[in-house]
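See below for the structure under consideration.
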Amino acid sequence: MTQYILGIESSCDDTSAAVVADGVLLSNVTASQAVHEAYGGVVPELASRAHQQNIVPVVDTALRRAGIGHESLSAVAVTLGPGLMGSLLVGVSFAKGLALSLGVPLIEADHLQGHVLAHFIREKDDAHEPPPYPFLCLLVSGGNSQIIKVEAYDRMTILGQTIDDAAGEAIDKCSKIMGLGYPGGPIIDRLARQGDARAFSFSRPHVSGLDYSFSGLKTSFLYFLRDRLKDDPAFIETHKADLAASLEHTVVDILMEKLARAVRQTGIRHVALSGGVSANTGLRNAFRERAEKDGWHIYIPKFSYTTDNAAMIAITGYFKSLDGRTCDIAKPAYARNRF
Ligand code: KG4
């Protein structure tokens, strides 16, 4: 009998639901929240309210596009954490209620592990090869920058991570300093394509091992602009593209330097990218160039699976269901990183 698993993701500002049938994706529906644009960042209270409005229609649409009704579901997988607690509670409470009412198991998914497992999302007639175990994954998003060693779907070790801001957070904050919109990542990406990446240089962190730091870069960017604006109030406007390109270049260099070190230290040459920032053109190009130069086998997820989505949660649920790993309905959501 076909195993239909519904995945639900609501850890930040995207309400998403997806259905997989025996590990093949049938639907993936995401409602993003434009309400935060006016504030230059996610406002937790507004995010929870929007999830409340979106969750029922998003789940209904995912089931309709999959061509099944609630009664066909074998399990409900949900992001239990980490994330914004108010946001998580909407998806988790809904998933628990649905699983209880249908008499099917609840399966918990970790948001970060989900991003890594996005590489295993399989669509119908999809010939892409997922990375073989073990592989390294650079997970870069608005909340995380981590180098992860992945030995199995449920065996992941963090080799290095940011000790302060995440890469995406730093880009978003610098974009805000420049008076650009939110989220800044895609805007910086677009502008950077027209600018000179060597026009300006910003401070680089000195952090030991495989850890990252991005808060110094943000401060260096802020002070640099403050000084230039004193002499030339139009400096940002006239140098927008060069600023974006130089900022992106610095972030990508920092990310790639530690990733290359992790490859040398572990000897693992299968290397994947995940998370929202992996949509970045400069990062993708640098990743491809490094792979060619150093003989890495690389894996980049489809664009739609780089940012938050429920397909990665449904596929996590599928792997866990194969091992009979369900979750106690009483288990609470968690805000902080746990793995
Ligand atoms: O994974 P994600 O959707 O959410 C979490 O943080 O979990 O990542 C969002 C982050 C934001 O910081 C956004 O600016 C960044 O990903 N981002 C990008 C690009 N697209 C999204 N950063 C750089 N270039 C992009 N093209």
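The values are calculated or read from the model by the stated rules, or taken from the named source; none is laboratory data. Keep in mind it's a predicted model, so treat the numbers as computed, not measured. A quick note on method: Cβ atoms are made from the backbone with ideal geometry, for glycine too, and the neighbour counts reach across all protein chains shown. The protein model used for the area step is the full one, side chains on, heavy atoms only, and it has no ligands, DNA or RNA in it. Shrake-Rupley method; radii C 1.70, N 1.55, O 1.52, S 1.80 Å.
Points to keep in mind about this one:
- Of the residues Ile177, Ile187, the single one that is in contact with a Phe, Trp or Tyr (Cβ under 7 Å, 6 or more places away or on another chain), within 16 Å of the ligand (Cβ to nearest atom) and farther than 22 Å from Ala314 by Cα is Ile177.
- A single entry from Val29, Val24, Val59, Val19 fulfils the requirement of being touching a Gly at 6+ places or on another chain (Cβ under 8 Å) and either modelled with pLDDT of 95 or more or on the phi > 0 side of the Ramachandran plot (or both): Val19.
- Residue check for Gly142: surrounded by 17 or more Cβ atoms within 10 Å (Cβ to Cβ), outside any strand (DSSP E or B) and in contact with a Gly (Cβ under 6 Å, 6 or more places away or on another chain): yes
- Lone qualifier among Ser278, Ser274 - being in contact with a His (Cβ under 8 Å, 6 or more places away or on another chain) and within 10 Å of the ligand (Cβ to nearest atom): Ser274
- Filter result (at pLDDT below 95 and either in contact with a Pro (Cβ under 9 Å, 6 or more places away or on another chain) or not hydroxyl-bearing (Ser, Thr, Tyr) (or both)) within the stretch 279-304: Ala279, Ile300, Pro301, Lys302, Phe303
- Filter result for the condition that a residue is over 15 Å from Asp308 (Cα atoms) and open to solvent by less than 30 Å² (accessible area, probe 1.4 Å), over Val59, Val43: Val59
- Among the residues of the stretch 259-269, those that are in a helix (DSSP H, G or I) and surrounded by fewer than 23 Cβ atoms within 10 Å (Cβ to Cβ) comprise Ala260, Arg261, Ala262, Val263, Arg264, Gln265, Thr266.
- If you go through the stretch 99-139 and keep only what is part of a strand (DSSP E or B) and charged (D, E, K, R), you end up with Glu108, Asp110, Arg122, Glu123.
- Check on Glu151, part of a strand (DSSP E or B), open to solvent by 50 Å² or more (accessible area, probe 1.4 Å) and over 24 Å from Cys12 (Cα atoms): yes
- Residue in the stretch 115-126 that is open to solvent by 20 Å² or more (accessible area, probe 1.4 Å) and near the ligand (Cβ under 10 Å from one of its atoms) present: no
- Selection from the stretch 270-319 of residues that are assigned to a loop (DSSP other than H, G, I, E, B) and either of a type in the set (Gly, Ala, Ser) or without any contact (Cβ under 8 Å) to a residue 40 or more places away in the chain (or both): Gly275, Gly295, Trp296, Ile300, Ala310
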